[in-house]
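The values are calculated or read from the model by the stated rules, or taken from the named source; none is laboratory data. None of these values were measured; they are calculated from a predicted model. Here Cβ is always computed from backbone atoms with ideal geometry, including for glycine, and neighbour counts include all displayed protein chains.
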Amino acid sequence: MKLKLLTVLFVLSTISLWAGNEKKRKVEYVNPFIGASTNIKDAGAAHGLGKTIPGATSPFGLVQVSPNTITGGDNGPGYSDEHRSIEGFAFTQMSGIGWYGDLGNFLVMPTIGKMHTNSGHLDNPDAGYRSRYAKDSEYAEAGYYRVLLSDYNITTEATVSQRCGFLKFTYPENKESRIQIDLARRVGGTSTWQEVRVVNENTITGKMVCTPDGGGWGNGDGKGDYTVYFYAQFSKPLKNYGVWSVAIPEGQSRKREFIESEAFQQLTSKAEIHRKVKEYSGKHIGFFTEFETGKDEEVFLKAGISFVSEEGAKKNLEAEIPHWNFKQTLSESQDKWEKALSKISVETDNEDDKVIFYTALYRTMLDPRLYSDVDGKYIGGDKKVHETKDFNKRTIFSGWDVFRSQMPLLTIIRPDVIHDILNSLITLAEESGQNYLERWEFLNAYSGCMVGNPAISVLADAYKKGIRGYDIEKAWRFADLTSKKFGNAPLGYTPNSISQTLEYAYTEWCMAELAKELGKSEDEKRYRELSQSYKNIFDASHNSFCPKDKEGNFLPWPEKGRLTEGFGSVESNPFQQGWFVPHDIKGLINLKGGRELTVRDLDYMFDNTPSDFLWNQFYNHANEPVHHVPFLYNRLGEPWRTQYWSGYICHNAYKNGVKGLVGNEDVGQMSAWYVLASAGIHPICPGDTRMELTSPIFDEVNIEVGPSKHFKIMVKKESPKSVYIQSAKLNGKVYNHCYLDYADIMKGGTLELTLGDEPNKKWGVE
């Protein structure tokens, strides 16, 4: 089988060469394996590496069909490259998240020979239905995944539509071939109730109920509470089929500690087999169908997924994959990706840089994903069915991460998605009765994960940029209630926290800006004053922000000073978090003793940052709090340093390989930073329409900003090593600013940059 696969690949590559010098499609540059590792050792930190999925996806789609190598632990994607066996292919996944994961539902596994009802585990795959796989057979593109399961000699291929998955299995000759579907499986735990029903000789339908009692998001602490419905069809008739059922003891925990245990493997291995049953339900069940196969026989499975109903899953499948043509679905999926990736085109002779760029752009288009069915129905925050024709209901809003780069990027290339996510958050606030905008939303769950009020940032940024397809008065009301519930009033700071005080001060500034736009003068005045609350926790004796207790006393200064991770700072230290005053940089400079001292302190941060950018105490690109920091030099009168460091980070923190992300993808943020920075633009303060300029790493960047409308950045270099902007022209006129306005970009035009080997310390200086 391996030889045959290599032969096919050789032929395909030969055909490609025969085709001449045809320009590669953008989908061909996507490498889904970039960042596909949870390896803590390689990351040098508990947060691991990229934690991305390598499987088949669709732009912002509801379904992701991806191989799963592990259940439980801090393995949110369900996959890590260093694992050498696969337990199945799930139809829902989380990608690039830094907490205990969820989803991984509807786990499909082709097998032959003796049937196992337990998964087995990494160090003993033979004990269950999982299989080793041939690493050199593993291949992925945008919308496609393939691997050879070597224990079974079965090649598995996957593709997707927006709401459906399509699997193709190529079997060896065998009298006991099989497809198994573990309906209880969930990445961070189990579903707590499952149902399956045989509809006809080719079709099954059912559901999987996933409550916090079954673990999942944050091992249950994230409050993930959802039901996955499926409508699945097999290309081979259901003749020898059945269900396995595990007797889960009353009161037994279903969380990750249990499912990671040997006791769980023993219990699931003793499941009762029920053959030819048309309908079954239980706490832990699976479905299987058995058949004979000839050599290289192809067997297909396709399934519609819905979070609303079985009928919704059926409608999704009938609308999106009504046929059995795998190639057609793959072609349609990749055409969707080609259109999506064409929003930004880059030119360079460096092929690796193209791979990194288009893969990064691809990663920014996985979430916030579709949550509604083809008919517009979705489950609201009240657990009731709602229907909308005005927007696509979306979910998985990793707010604390994505407000910094991903959401600003989408305001440029996909304002429709910004429109959708704001409507989704607003309707959730109303339907749930919570009446505030959640900071980290997961399938309607108010997880409360991380800090700040990032939804307010997204709202203010969108409104000021003219993205306004939502009820602004309702949005304002919920934003106001959010800020009052989570903010720096009445003390003027948040006790024991630098991170919260600074983040709230920023979003209180966002509220002031929004109030100003809406003509709410009293609200603007109140929030403008609150936005200055960051000053209340600055300890001049240590030239650093320091947390205060409820009585207003600074907490004792730690031995390691401002480099002490966790001292009032979330996933950071006071040195890193202390740069987060994006709305009042002049005020921050004054606190730190003026421009010269501030530049010196910023230099100290970068001079002590390791060149690999793995987790560290200085510029820690592996995590979000510092992502705006390289662009601060623009505001400090030394834009040439922004130009140097943004490019240096692009080239050293991002690679074309599994270890190509130095930290969690964080649901699109890590990649969005790269997309913007490598293109030469990046915001410091979402809510302000100013975009900082820096040196692109490409020769040309072409951004589609509307129908037949583009903003181009053209680069001329004195030498291949040139990184410093010498001069600029905007639409043919000399341009001496180190920033652009959002409006400058969106009306289209051309920015011409000339780069040199030495800094021009006069260009762009404010």
Among the residues of region 685-738, the number that are under 30 Å from residue 503 (Cα atoms) and among the hydroxyl-bearing types (Ser, Thr, Tyr) is 3
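Table: residues versus (1) of a type in the set (A, V, I, L, M, F, W, C); (2) more than 27 Å from residue 163 (Cα to Cα); (3) out of contact with any helix residue (DSSP H, G or I) (no Cβ under 6 Å at 6 or more places or on another chain); (4) surrounded by fewer than 24 Cβ atoms within 10 Å (Cβ to Cβ).
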residue	(1), (2), (3), (4)
36	yes, no, yes, no
47	no, yes, yes, yes
51	no, no, yes, no
59	no, no, no, yes
120	no, yes, no, yes
*Does residue 339 count as surrounded by fewer than 24 Cβ atoms within 10 Å (Cβ to Cβ) and modelled with pLDDT under 95?*
no
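Looking for whichever is touching a Phe, Trp or Tyr at 6+ places or on another chain (Cβ under 8 Å), more than 30 Å from residue 439 (Cα to Cα) and of a type in the set (Gly, Ala, Ser) here; the options are 269, 177, 261. Which one fits?
Details: 269 fails: touching a Phe, Trp or Tyr at 6+ places or on another chain (Cβ under 8 Å); 261 fails: touching a Phe, Trp or Tyr at 6+ places or on another chain (Cβ under 8 Å).
Being touching a Phe, Trp or Tyr at 6+ places or on another chain (Cβ under 8 Å), more than 30 Å from residue 439 (Cα to Cα) and of a type in the set (Gly, Ala, Ser) holds for just one of 269, 177, 261, which is 177.
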Considering region 95-127, residues that are part of a loop (DSSP other than H, G, I, E, B) and of a type in the set (S, T, N, Q), and then whichever is nearest to residue 190 (Cα to Cα), we arrive at 105
Q. Could you say whether any residue in region 132-150 is crowded, with 20+ Cβ neighbours inside 10 Å, over 29 Å from the mean Cα position of the chain (by Cα) and touching a residue at least 40 places away in the same chain (Cβ under 8 Å)?
A. no
Picking from 385, 355, 346, the residue that is under 22 Å from residue 441 (Cα atoms) and either touching a Cys at 6+ places or on another chain (Cβ under 7 Å) or not charged (D, E, K, R) (or both) would be 385
The residue that is modelled with the lowest pLDDT, considering only those in region 91-138 that are within 18 Å of residue 260 (Cα to Cα) and among the small types (Gly, Ala, Ser), is 101
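Looking at the structure I just gave you, is residue 154 closer than 18 Å to residue 65 by Cα and in contact with a strand residue (DSSP E or B) (Cβ under 8 Å, 6 or more places away or on another chain)? Outline the logic, then answer.
On the way: closer than 18 Å to residue 65 by Cα: yes; in contact with a strand residue (DSSP E or B) (Cβ under 8 Å, 6 or more places away or on another chain): yes.
Yes, satisfied.
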Scanning for something under 22 Å from the mean Cα position of the chain (by Cα) and aromatic (Phe, Trp, Tyr), does region 188-200 turn up at least one residue?
no
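When you look at residue 379, is it closer than 23 Å to residue 192 by Cβ and either in the same structural domain as residue 711 (by TED's automatic domain parsing) or of a type in the set (Val, Ile, Thr) (or both), yes or no?
Yes.
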With the first residue restricted to region 584-611 and required to be closer than 27 Å to residue 507 by Cβ, and the second required to be among the charged types (D, E, K, R), Cβ contacts under 6 Å at 6 or more apart or on different chains are 585/635; 589/595; 598/592
Per the list (1) in contact with a strand residue (DSSP E or B) (Cβ under 6 Å, 6 or more places away or on another chain); (2) buried (at least 20 other Cβ atoms within 10 Å of the Cβ); (3) farther than 20 Å from residue 121 by Cα; (4) not hydroxyl-bearing (Ser, Thr, Tyr), residue check on residue 218 breaks on (1)
Within region 509-530, residues on the phi < 0 side of the Ramachandran plot, surrounded by fewer than 23 Cβ atoms within 10 Å (Cβ to Cβ) and either assigned to a loop (DSSP other than H, G, I, E, B) or of a type in the set (Phe, Trp, Tyr) (or both) come out as 520
Just one listed residue, out of 725, 703, is within 19 Å of residue 637 (Cβ to Cβ) and not in a helix (DSSP H, G or I), and it is 725
So, first residue more than 19 Å from residue 686 (Cα to Cα) and modelled with pLDDT of 95 or more in region 730-752, second residue among the hydrophobic types (A, V, I, L, M, F, W, C) and assigned to a loop (DSSP other than H, G, I, E, B), Cβ within less than 8 Å, six or more apart or across chains; the pairs are 736/763
If we ask which residues in region 147-167 are farther than 16 Å from residue 86 by Cα and either in contact with a helix residue (DSSP H, G or I) (Cβ under 7 Å, 6 or more places away or on another chain) or β-branched (Val, Ile, Thr) (or both), their number turns out to be 7
In region 488-508, is there at least one residue being touching a helix residue (DSSP H, G or I) at 6+ places or on another chain (Cβ under 9 Å), crowded, with 23+ Cβ neighbours inside 10 Å and charged (D, E, K, R)? yes
Taking region 310-341 and keeping residues of a type in the set (Ser, Thr, Tyr) and either free of Cβ contacts under 8 Å to residues at least 60 places away in the same chain or not assigned by TED's automatic domain parsing to the domain that holds residue 205 (or both) leaves 331
